[in-house]
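Contents: one structure, followed by commentary.
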Amino acid sequence: MTTPLTNWARNITFSAARLHGPTSVEQLQQLVAGSGRIRTLGTGHSFNRIADTTGDLVTVGDLPRTIEVDTERRQVRVSAGTRYGELGARLQAAGLALHNLGSLPHISVAGACSTGTHGSGIRNKNLSASASAIELVTADGDLVTFRRGDKEFGGAVLALGALGVITHLTLDAEPTYDVRQLVYDRLPFEEFRADPIAVLAAGYSVSAFTTWQDDAFDQVWVKQRVSEQPLDLTWHGAALADGPRHPVPGMPAVHSTEQGGVPGPWNARLPHFRLEFTPSNGDELQSEWFVPREHAAAAFDALAEVRSQVAPVLQICELRTVAADDLWLSPAYERDSLALHFTWVPDTAAVTPVLGAIEARLAPLGARPHWAKLFTTPPDVVAGLYPRFDDARRLLTAYDPKGIFRNELLDTYLPQA
C-alpha cells in the first residue's frame, strides 16, 4: 500500500502489505486460500492491533450488499459489511427491529459481532447474541455455515476474526417498537452508589456518563420503550436536561440522536449518534472492562479510588449494563455485567499507566477487558476469566491449523491449542 492505512482513531498504522476488496464471495475464497496471513478489516473502530497483520488485509465492504428480510420468521440475512444504520432502516421499513444497537450506527454488522459490541440494557445481550447463523470463508477457502444449535456455535460468532472471514449473518428480529430518550443532568454519585442497578434499570437502555471531575454524573441517558412509565422531571436528584446533549461535554449535540422524550423508531433512538453525522473526528482512544453486575457498587468504588489519575486523560466515562450470553469469548459470557467504558484523550503514553491503575483495582472483581480496545491485563489472567477459553482455542486451531488468520495480539492472548 502506498498510503499508510490507519484505524478510525489513527492510533494504529496497519502493518499489512496489501489491502484487498473482493467484489464476490468467490474472489474472497480464492484470496483466502492463496494467502499466508490475512485479517479482516471492518470499519476500523478498534483501538488495538486486533485487525492488524503483516500479510493481507481484506475488507468485505465491497461484497454485494444483502439485506434479506423474512417477516414471517422474523429474521434477516445480511452481508457482513453492512452498517447497522443501513440495516436498521430496512428492518424498520419492514415493521421489524433488532433487540438492541450499539452507540454508533456506522459500524459493520460482522465487525461488531466479532468483537463483542453490546449497546446497553439490563435485559439486553450484546449484538452478536442475536445471530442465529453465520457464513464464513475458512482458511482453506471453503464457505462454511455455523447455525445456532451446532455444538461449536458458541465459539464461532464472537471469534475475533480468527475463525475465518464472515460473509453473511442471519439475525433474529422482533416487531418494531418506538423509544423515547430522556437525558438527565447532574445525578449525584451518592444516589448512584446507593443502588446502581435502580439507576441502570430505569429504562430499556441506560447510560451514565461522568468526567470524574466532581461528585456527579454529568449526564444519564435513559432510553425507554413508549410502553414504559415515563420518569419524573427530577429523578434521583438529577434534573431533566433543558436541551439536547452530546455525551462528551462541549461537543455539538447535533450529532446526537433526538432527545427530550420525543417518541421515535428504535433505530433512531437506541444509538447515541445519528448515521448522517460522524460523531467525532477520531481524536480519542477507548478502553472498556466488564465486571459481574452484582459488583456494580464495588466497581464504582474501585474507579473512585483512581479518579485523580483518570480525570486528567479522560474525555468521558460511560457505565452501562449487558445481559449474560453463551458465547465463549464474550466479555458477558454467563455473567450479567456492568460495562465500564472510557473515552480517553489521544495520548497513548499518558493513558497507558492509567489502564494499569484501573485494572489493578478491578482485578479482584474479575474484570474482563474488551478485546478490541486498549488494555494491559496479562494474558494468563485473561485466559483465566473465560470458562470456555480452551474450547475456543481448540476450535480456532482446528479450522486454521496453519494460523493464517492470526496476528501478534491473538498469538499473545489467544494462542493456538
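The values are calculated or read from the model by the stated rules, or taken from the named source; none is laboratory data. These figures come from a predicted structure and were not determined experimentally. Cβ atoms come from the backbone with ideal geometry, glycine included; neighbour counts cover every protein chain shown. SASA here: full protein model, heavy atoms, side chains in, ligands and nucleic acids out. Shrake-Rupley method; radii C 1.70, N 1.55, O 1.52, S 1.80 Å.
Listed by first and then second residue, the pairs linking a residue in the range 404-417 that is at pLDDT 95 or above to a residue that is basic (K, R) and assigned to a loop (DSSP other than H, G, I, E, B), with Cβ atoms under 7 Å apart and 6 or more places separating them unless they lie on different chains, are I404/R37; N407/R49; E408/R49; L409/R49. Comparison of P4, P64 shows that the only residue that is free of Cβ contacts under 8 Å to residues at least 24 places away in the same chain, in contact with a Ser or Thr (Cβ under 8 Å, 6 or more places away or on another chain) and in a loop (DSSP other than H, G, I, E, B) is P4.
Among the residues of the range 359-394, those that are open to solvent by 50 Å² or more (accessible area, probe 1.4 Å) and not in a loop (DSSP other than H, G, I, E, B) comprise A360, R361, A363, P364, D380, V381, G384, D390, R393, R394. Scanning the range 188-217 for residues that are in contact with a Gly (Cβ under 8 Å, 6 or more places away or on another chain), of a type outside the set (D, E) and more than 27 Å from N267 (Cα to Cα) turns up just one, P188. The residue of the range 118-132 that is nearest to the chain's Cα centre (by Cα), among those that are of a type in the set (S, T, N, Q) and buried (at least 24 other Cβ atoms within 10 Å of the Cβ), is N126.
When we screen Q75, Q27, Q92 for residues that are out of contact with any Pro (no Cβ under 9 Å at 6 or more places or on another chain) and either closer than 26 Å to A129 by Cβ or touching a residue at least 24 places away in the same chain (Cβ under 8 Å) (or both), the only hit is Q75. The set of residues in the range 329-345 being buried (at least 22 other Cβ atoms within 10 Å of the Cβ), under 16 Å from the mean Cα position of the chain (by Cα) and not hydroxyl-bearing (S, T, Y) consists of L329, P331, A332, L338, A339, L340, F342. Residue count for the range 351-405 satisfying the condition of being in contact with a strand residue (DSSP E or B) (Cβ under 6 Å, 6 or more places away or on another chain) and basic (K, R): 2. Listed conditions (1) open to solvent by 50 Å² or more (accessible area, probe 1.4 Å); (2) assigned to a helix (DSSP H, G or I); (3) under 25 Å from G55 (Cβ atoms) are all met by T397, apart from (1).
Restricting G237, G243 to those that are exposed (fewer than 12 other Cβ atoms within 10 Å of the Cβ) and not charged (D, E, K, R) reduces the list to G243.
Contact map, the range 211-235: first residue over 16 Å from P247 (Cα atoms), second residue open to solvent by 60 Å² or more (accessible area, probe 1.4 Å) and at pLDDT below 95, Cβ cut-off under 9 Å, separation 6 or more or different chains; pairs are Q224/P230. I'd like to check something: does the range 307-326 contain any residue that is without any contact (Cβ under 8 Å) to a residue 60 or more places away in the chain, touching a helix residue (DSSP H, G or I) at 6+ places or on another chain (Cβ under 9 Å), more than 18 Å from D218 (Cα to Cα) and surrounded by fewer than 23 Cβ atoms within 10 Å (Cβ to Cβ)? Checked against the condition, which is being without any contact (Cβ under 8 Å) to a residue 60 or more places away in the chain, touching a helix residue (DSSP H, G or I) at 6+ places or on another chain (Cβ under 9 Å), more than 18 Å from D218 (Cα to Cα) and surrounded by fewer than 23 Cβ atoms within 10 Å (Cβ to Cβ), the range 307-326 yields at least one hit. I want to confirm something. Restricting to the range 14-60 and keeping residues that are part of a strand (DSSP E or B) and modelled with pLDDT of 95 or more, which single residue is surrounded by the fewest Cβ atoms within 10 Å (Cβ to Cβ)? Among those that are part of a strand (DSSP E or B) and modelled with pLDDT of 95 or more, it is L19. Is it the case that the range 272-282 has a residue that's open to solvent by 20 Å² or more (accessible area, probe 1.4 Å), within 14 Å of S207 (Cα to Cα) and in contact with a helix residue (DSSP H, G or I) (Cβ under 7 Å, 6 or more places away or on another chain)? Yes, the range 272-282 contains at least one residue that is open to solvent by 20 Å² or more (accessible area, probe 1.4 Å), within 14 Å of S207 (Cα to Cα) and in contact with a helix residue (DSSP H, G or I) (Cβ under 7 Å, 6 or more places away or on another chain).
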